[in-house]
Structures are given as C-alpha cells and as structure tokens.
Amino acid sequence: MTFRILVVDDEKNIRSGLARALEMDGYEVIQAEDGQEALKMMVKSEIDLIIADLRMPKVSGEELLKRVVSAYPTIPVIILTGHGTVDNAVQAMRNGAYDFLTKPVNLERLGLLVKRALGRRELARKHQELQAEVFRLEKRKSGAEILGKSAPMHRVFELIEQVAPTRATVLITGESGTGKELVANALHNQSPRKDAPLIKVHCAALSESLLESELFGHEKGAFTGAAGQRKGRFELADGGTIFLDEIGEIDQSTQIKILRVLQERSFERVGGEKTLTVDVRIIAATNRNLKAEVAAGRFREDLYYRLSVVNIHLPALRERPEDVPLLAARFLKECAEENGRDIQGLEPKTAMALGSYRWPGNVRELRNVVESAVVLSKGSYLTPDDLPPHVIERSDEDGIRIKLGIPMAEAEKIIIRANLNAYGGNKSRTSEVLGIGRKTLHRKIHDYGMESEFIRSGGDEGVST
C-alpha cells in the first residue's frame, strides 16, 4: 500500500524539497501552496497525512488544522513552523496536530515522524474496518449479540436460523463462557414465541429442594416457609420459552419431572395435586459432556435424547481465533462508552497478544480483559502494558522454537505451520500476519508438502475436520 501525503507551504522551494525527500522514501506526494488549495485537493483525493506550514495566506495552517480535525479526524497533521512561532505550534498540537517541526526541516526527524504518524493512521483505519465489520455482522438475522465470521460460527448461525421458527427442543453445548445464553436469546427472539416470556433458570445455582420449587412452583404449606401459593418457572413460561442453563447439574428426581414435562407438557406444583398443562418450548444448556454423564449413570439417557432433539455446539474461542479481533473491537467500543474513555483501538502488539492467547475462559474472559485494559489505559490505544500479566505470559508460551543451524527453508516451514495452526488453518489471516500474499502462501504450502495438513475447506478459510 502506498501512502499519499499532502504537503502545504506557500514557499515553493520548501514545498518541492519536502516532496522530493518523501518521494525518495516511497510515498506519493501532492502539493498545495496554501490551505485553501489543500482543502480543495482533499475533496478530490484520499489523503493519509498532511504536512502544513503554520503561516500561509488565504487559509492559514491553524485554520486548515481546525477544518481537518473536524472533517477528517483520522488524518494526522504535522505542522511546520519557524523558531519564532514554536508556541503557536505547541498550541496547534493541543488543537489536534500530531506533531510539529521547526524550519529548516531535519529530514531524518521528518522521516521518523511521518512513519510514526502513518502507523497510527493505519491503526485507526484498521480499527474503523473492524468496527464496520462488527456493525455488518450485528445486522445478521441470527441476533446482534452473537458475533463471529469463522466457519464454526457460520454453522451456529445457520442452525439458529433453521431451528428458531420450530417447536424443537434444543440442547446448547460448549465450554463455560462461550455464549450459550446468547444463543438461547437468539432462538427465542427469532421464534413465533418472541412476544411471550423467555424464562431463565440457572440450575447450578439452586439446591435440589429449591430447584424443584423454582421450576414447578408450590402450594401453601408445602414445606416450612411456604406461606402461600407460588407459580413455578414452567407456569410463568407458558406460551413462551424456558431456558434451563447448566442442566447437567440437576439431580435424578428433578430429571424425572423435567422428562415428564417434555413428554406430557404437564406437572404438579410441590405439595399440590392439581395437574397443570403448559405450552412451553424448552432450551437447555450445559458445559458438561452429557453422553459421558449418561454412561456414568449420573444423567438419564431418556432425558438426554429428549433434550437433544437439536444440538447446537458452541466452539471454544481458541478454536476460532479469527473472531478474536472482531470481538475485541466490539468489547472495546462498549467498554469505552460505558466508562467514558476515548480509546481508538489496539496497538499491533496488543492485538497479537490477544490473538495468540488461548482464552480458557472464552468470550467472557476476553470481555473482562478488554474492559480491564480500557479502564487502566492511559493513552488512546491499548498497549500490551494495559493487559493483565497472565495474558502476556500465556501468549508468549505459544511461541515457537527454532534451533540454531537449521536450514532457512526448514525454519520457514516451521513458522508457516505454526501460524496456520494458530489461526485454525485460515490462509487469508496467516498470509496477512506473515506479510506475504495468499498465492505465495499457497505455493509454499505446496512446496513444503503441507497440503494434506491444511486442505482447502469452505472457500479457503480453514482446515477440514
């Protein structure tokens, strides 16, 4: 990518000299003799950086800066000034200039400033692209709360859209923190029952006796403390949906009663004799392996099959690393707004640390880490120092070791394989991280005989399973 720089100075020699120096560094340069001409050029051309003199006729550098900050806030502006107006240049920085240089311009210093400013511009651009992609994905029919573009998540979205309009009982499985409750929300919100109640029960948080009363209700005097009749969650969910979270934690006697509701849509309150009938769709979730629980005799086999008419499995975050930047961008925006912080994005090393960490706590842990970083950050971009130590340390553990004396081709093979594995076989992401073209990556995979490890699947976005 070639960056385009706009040099604005009413002195032709200075303007032309700066342009030649920048062109020698590989930049595309256009010139304007005053702020008025510069503003016209900005309408016609996409500009990545502006270098502007402070004192110019018609539209001054101060006025140009004011208009750029207002209309093009992501374009950095470097101010040029004489020694007698340094105080004005400092004020310009307070007004939004990236930095300033005094005349005569030190070209080495200019080169460093330009490189740094364009790096920040690129960070802002990538952050905007991520936010735009987040917005596009949130408009998806399957529910704005669930975010992802990886192949495993596409499968989840397809299942939600296919199953939500039906009456089918759904079992949502996946590790803690993967977003099972969000899937339950999406299933209910896209169903014909969306205007009826969605009642949630966190089964692991209640004791055996309390859970039964919570689910089915109780009659007055049913047990000590039952001062009056109380409706249970199944009754309250009549016509709607009930979400039984962590259903793998319930005891055998409650399992039998839930099985009856699934089979007959009827039950009695605790201490009651009247049979109640309800029209309720059941969605259950667990982070346990229920097949193993059935084999161990801790979960009823007939209930398991009744619950898992449709199984939606949520992948762990480490199984979909390409979704980490999207999720981090959304959480950064949310947490910055909630905490009143002006955070523009992530430094590249911060993004790399988040991308290589294994996330044992999944999406929930990622959100907590981003919120912590936003609160503790002292700058406009999150740096690795803003992250908790364990994230940096654990991400470093995912590095690779290459022995001294190994041939260059063998080292390259190790690096390519490690990055493909880290990004779930996603060749687009791997080529981006390695700084090579996708065609080059495909050729190297072929040359090193790795096609069988990373077979093209679903449009070259991941490994086949």
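Which residues, taken from region 337-377, are under 19 Å from E319 (Cβ atoms) and not aliphatic (A, V, I, L, M)?
Once the filter is applied, which keeps residues that are under 19 Å from E319 (Cβ atoms) and not aliphatic (A, V, I, L, M), region 337-377 yields G355, S356, Y357, R358, W359, P360, G361, N362, R364, E365, R367.
Test each condition in (1) over 26 Å from G297 (Cα atoms); (2) buried (at least 18 other Cβ atoms within 10 Å of the Cβ) for L244 and report the one that comes out false.
(1)
Out of region 238-250, which residues are part of a loop (DSSP other than H, G, I, E, B) and either modelled with pLDDT under 90 or touching a Lys or Arg at 6+ places or on another chain (Cβ under 6 Å) (or both)?
Passing the criteria: only G240.
For region 257-336, please list each of the strands (runs of 3 or more DSSP E) lying entirely inside it that holds at least 3 residues being aliphatic (A, V, I, L, M) and in contact (Cβ under 8 Å) with a residue 40 or more places away in the chain.
In region 257-336, 281-286 are the strands (runs of 3 or more DSSP E) which contain 3 or more residues that are aliphatic (A, V, I, L, M) and in contact (Cβ under 8 Å) with a residue 40 or more places away in the chain.
Residues to consider are Y357, Y381; find the one that is within 25 Å of G174 (Cα to Cα), modelled with pLDDT of 85 or more and of a type in the set (S, T, Y).
Y357
For a quick check of your reading of the model, give me the residue pairs whose first member lies in region 193-207 and is in a loop (DSSP other than H, G, I, E, B), whose second is surrounded by fewer than 17 Cβ atoms within 10 Å (Cβ to Cβ), with beta-carbon atoms closer than 8 Å and at least 6 apart or on different chains.
Going by the 8 Å Cβ cut-off, the qualifying pairs are R193/G239; A196/G239; P197/L236; P197/G239.
For region 208-233, how many residues are among the aliphatic types (A, V, I, L, M) and either assigned to a helix (DSSP H, G or I) or touching a helix residue (DSSP H, G or I) at 6+ places or on another chain (Cβ under 7 Å) (or both)?
Number satisfying all stated conditions: 3.
Pairs, please: C-beta under 6 Å, at least 6 apart or cross-chain, first residue outside any helix (DSSP H, G or I) and in region 377-388, second among the hydroxyl-bearing types (S, T, Y)?
Note: pairs meeting the criteria are L382/T350; T383/T350.
State which residue is surrounded by the most Cβ atoms within 10 Å (Cβ to Cβ) when the search covers only region 247-295 and only residues that are of a type in the set (K, R) and closer than 26 Å to A226 by Cα.
Only one residue tops the list, namely R269.
Do we have any residue at all in region 59-80 that's in contact (Cβ under 8 Å) with a residue 40 or more places away in the chain and in a helix (DSSP H, G or I)?
Step one: filter region 59-80 for residues in contact (Cβ under 8 Å) with a residue 40 or more places away in the chain, giving 61, 64, 74-76, 80.
If we keep only those that are in a helix (DSSP H, G or I) too, we end up with 61, 64.
Yes, region 59-80 contains a residue that is in contact (Cβ under 8 Å) with a residue 40 or more places away in the chain and in a helix (DSSP H, G or I).
Just one of the numbered conditions (1) surrounded by fewer than 16 Cβ atoms within 10 Å (Cβ to Cβ); (2) under 27 Å from T350 (Cβ atoms); (3) at pLDDT 80 or above is not true of P165; which one?
P165 satisfies all of (1) surrounded by fewer than 16 Cβ atoms within 10 Å (Cβ to Cβ); (2) under 27 Å from T350 (Cβ atoms); (3) at pLDDT 80 or above except (2).
Criterion first (within 21 Å of A205 (Cα to Cα) and of a type in the set (V, I, T)) does I312 satisfy it?
Here the answer is no, as I312 does not meet what is asked.
State all residues of region 331-354 that are modelled with pLDDT under 90 and among the basic types (K, R); if no residue qualifies, say none.
K349
Can T74 be described as touching an Asp or Glu at 6+ places or on another chain (Cβ under 8 Å), in the same structural domain as K126 (by TED's automatic domain parsing) and of a type in the set (S, T, Y)? Step through it out loud before you land on a result.
Values: touching an Asp or Glu at 6+ places or on another chain (Cβ under 8 Å): no; in the same structural domain as K126 (by TED's automatic domain parsing): yes; of a type in the set (S, T, Y): yes.
Spelling it out, it is not the case that T74 is touching an Asp or Glu at 6+ places or on another chain (Cβ under 8 Å), in the same structural domain as K126 (by TED's automatic domain parsing) and of a type in the set (S, T, Y).
Can you name every residue in region 101-115 that is closer than 23 Å to E347 by Cα and touching a strand residue (DSSP E or B) at 6+ places or on another chain (Cβ under 8 Å)? Before the answer, list the steps.
Initial filter on region 101-115 (closer than 23 Å to E347 by Cα): 109-115.
Residues satisfying the conditions are R109, L110, L113, V114.
The values are calculated or read from the model by the stated rules, or taken from the named source; none is laboratory data. As the structure is a prediction and not an experimental result, all values here were calculated from the model. As a convention, Cβ positions derive from the backbone with ideal geometry for all residues, glycine included, and neighbour counts pool all protein chains shown.
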